[in-house]
Amino acid sequence: NFKTKVIMSNLTNNRLNITATAAQITAVKTAIQTISTNMPFLIGLTVEERVALPAIDVNNKAFTEDAINAGANNPTLVPNYVSVASMQNDMTLYTQLDELKGLINQLLEKVEDTQLLAGSEAYTSGLALYKIFGAAADAGVAGADAVVAQLKTRFAGQGGAATPPTNP
């Protein structure tokens, strides 16, 4: 069974066996707060605003840059209620945030991947222990029945059997 092999290989190939120190967590939280403090202009949008606002992409970014250049090069054609300088500021901020977003996304991906792997390793090891405790209970080892009874409540309502969906 492929799932069994994956779970068992996780038991013998633990890719993560570390925790962050309290000092590391504090330092990261402080760094995040520093980033937030240095960017007081960041805002939050509602779901409705996110859906309603036209989003910039590669094609309309080029158009926007062309429109800004055209406005800057033809100021007599630009009405007073349109601020080319504000458009330039918006575009500059967009470009600056795009650069930061790339770096933040790379870091977020690593955080999410590490969290996924850590959780997976803990969960698959837990499933293996459940099976080991079940085997101990089947063999009549004292106390194993109570452990199995406690752990099997996690799988209640998942089909006909009160066993995990995978077979470690």
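The values are calculated or read from the model by the stated rules, or taken from the named source; none is laboratory data. This structure is a prediction, so every number in the text was calculated from the model and none was measured. Glycine also receives a Cβ, built like all others from the backbone with ideal geometry; neighbour counts cover every protein chain displayed. Note: areas computed on protein heavy atoms with side chains; ligands, DNA, RNA excluded. Shrake-Rupley method; radii C 1.70, N 1.55, O 1.52, S 1.80 Å.
Helix 22-37 axis versus longest C-alpha principal axis of the chain: approximately 20°, rounded to the nearest ten.
In the chain, the longest principal axis of the Cα atoms and the axis of helix 2-12 are about 90 degrees apart.
Rounded to the nearest whole Å², what accessible area per residue is found for the chain with the 1.4 Å probe?
Details: 13010 Å² over 168 residues.
Ligands and nucleic acids excluded, the figure is 77 Å² per residue.
Heavy atoms only, probe 1.4 Å: what % of the accessible area of the chain goes to carbon and sulfur, would you let me know? Kindly include the intermediate steps, with their values, before the conclusion.
Working: 7870 of 13010 Å².
Within the chain, the accessible surface is 60 percent carbon and sulfur.
VAL51 exposes around 120 Å² of accessible area when a 1.4 Å probe is run over every protein chain in place. For LEU127, the solvent-accessible surface with a 1.4 Å probe is about 10 Å², rounded to the nearest 10.
Annotation for ILE56 and THR26: the two label points, set 7 Å from Cα along the Cα-Cβ direction, are 4.0 nm apart.
Sorted by accessible area (1.4 Å probe), largest first, how do TYR130, TYR94, TYR81, TYR123 line up? Intermediate values should be presented prior to the final figure.
On the way: TYR130 15, TYR94 80, TYR81 195, TYR123 100 Å².
Reading off the accessible areas and sorting them downward yields TYR81, TYR123, TYR94, TYR130.
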